[in-house]
Amino acid sequence: MKHIDIAQINDMDRFYRGNLINSVTGYKSANLLATRSKDGVDNVAVFSSLTHLGSNPAMFSFVQRPLGYGVGHTYENLKATGKITLNHMNIDLVHRAHQSSAKYTTEVSEFDILDIEKEIKNGFHAPFVKESNIQIAAEYVNEYFLEENNCILVICKITDIFLPETALQDDGFINLSKAQSMTINGLDAYATAHIEQRLSYAQVDKELEQLQY
């Protein structure tokens, strides 16, 4: 087994190190976050740093990289309007979604330039990605500056969920395979997920059972 220590990691080319560290922690969710600026310009960008924070209240977080040229339009729009949508990527969106990570200027809408169709629903301020099978509306809650790397941990509250009925199980479980949701390996590898097993809630002295999925 190959061993890589911290001295080697620190001495790596930054692109090699980025690929290594972004891959080593495992698969991540592949999502498009969409916002609308105060001037009415719609923004959409791929994020792989989303994390479930809790179910009651229903919240998720994402990591905003250090702000600078071409970085932070999603964050700035969210802070200005308080609204954001989370849209699962599927295989048909991969190329266009990946390109959304490029550093476009604030007056450019990735929806338009990348031919990603947007959808406005329920009077929600931020647009949704029409091709996404799972769409989530959310609101800004809070943020925490991470002094260790100058990033910002942004907290959002889920207000609305739209998804195919075929992906929703009787107990509330969402089968992401049926929804055709993608995952990200590292920075640039996109994969489909297939459920192998679903197990019952773990309790002491109780045997696990297979659950329907």
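The values are calculated or read from the model by the stated rules, or taken from the named source; none is laboratory data. Remember, it's a predicted structure, so these values are computed and weren't measured experimentally. As a convention, Cβ positions derive from the backbone with ideal geometry for all residues, glycine included, and neighbour counts pool all protein chains shown. SASA here: full protein model, heavy atoms, side chains in, ligands and nucleic acids out. Shrake-Rupley method; radii C 1.70, N 1.55, O 1.52, S 1.80 Å.
The figures follow:
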quantity: Cα-based reach from residue 118 at 19 Å (exclusive), listing aspartates and glutamates while leaving out same-chain residues under 8 positions away; calculated: 39, 42, 92, 107, 110, 131, 139, 160
quantity: Surface accessible to a 1.4 Å probe, residue 39 within the full protein complex, Å²; calculated: 140
quantity: Charge context of residue 169, other residues only, Cβ under 13 angstrom, K/R +1, D/E -1; calculated: -1
quantity: GNM result for the chain, Cα springs below 10 Å: residue of 120, 184, 91 fluctuating most strongly; calculated: 120
quantity: Calculated FRET value between residue 160 and residue 117, using beta carbons and R₀ = 22 Å, to 0.05; calculated: 0.70
quantity: Cα centroid separation - the stretch 134-156 against the stretch 1-53, whole Å; calculated: 14
quantity: Chymotrypsin sites (Phe, Trp or Tyr not before Pro) lying in DSSP loop within the stretch 51-105, provided at most 11 other Cβ fall within 10 Å; calculated: 69
quantity: Which listed pairs, of 38/157; 103/178; 79/178; 2/206; 38/103; 2/28, have C-alpha distances above 29 Å, in listed order; calculated: 103/178; 79/178; 2/206
quantity: Length released on extending from residue 4 to residue 95, taking residue separation times 0.36 nm less the Cα-Cα span; calculated: 29.5 nm
quantity: Computed lengthening from residue 56 to residue 14, 0.36 nm per intervening residue step minus Cα-Cα distance; calculated: 11.2 nm
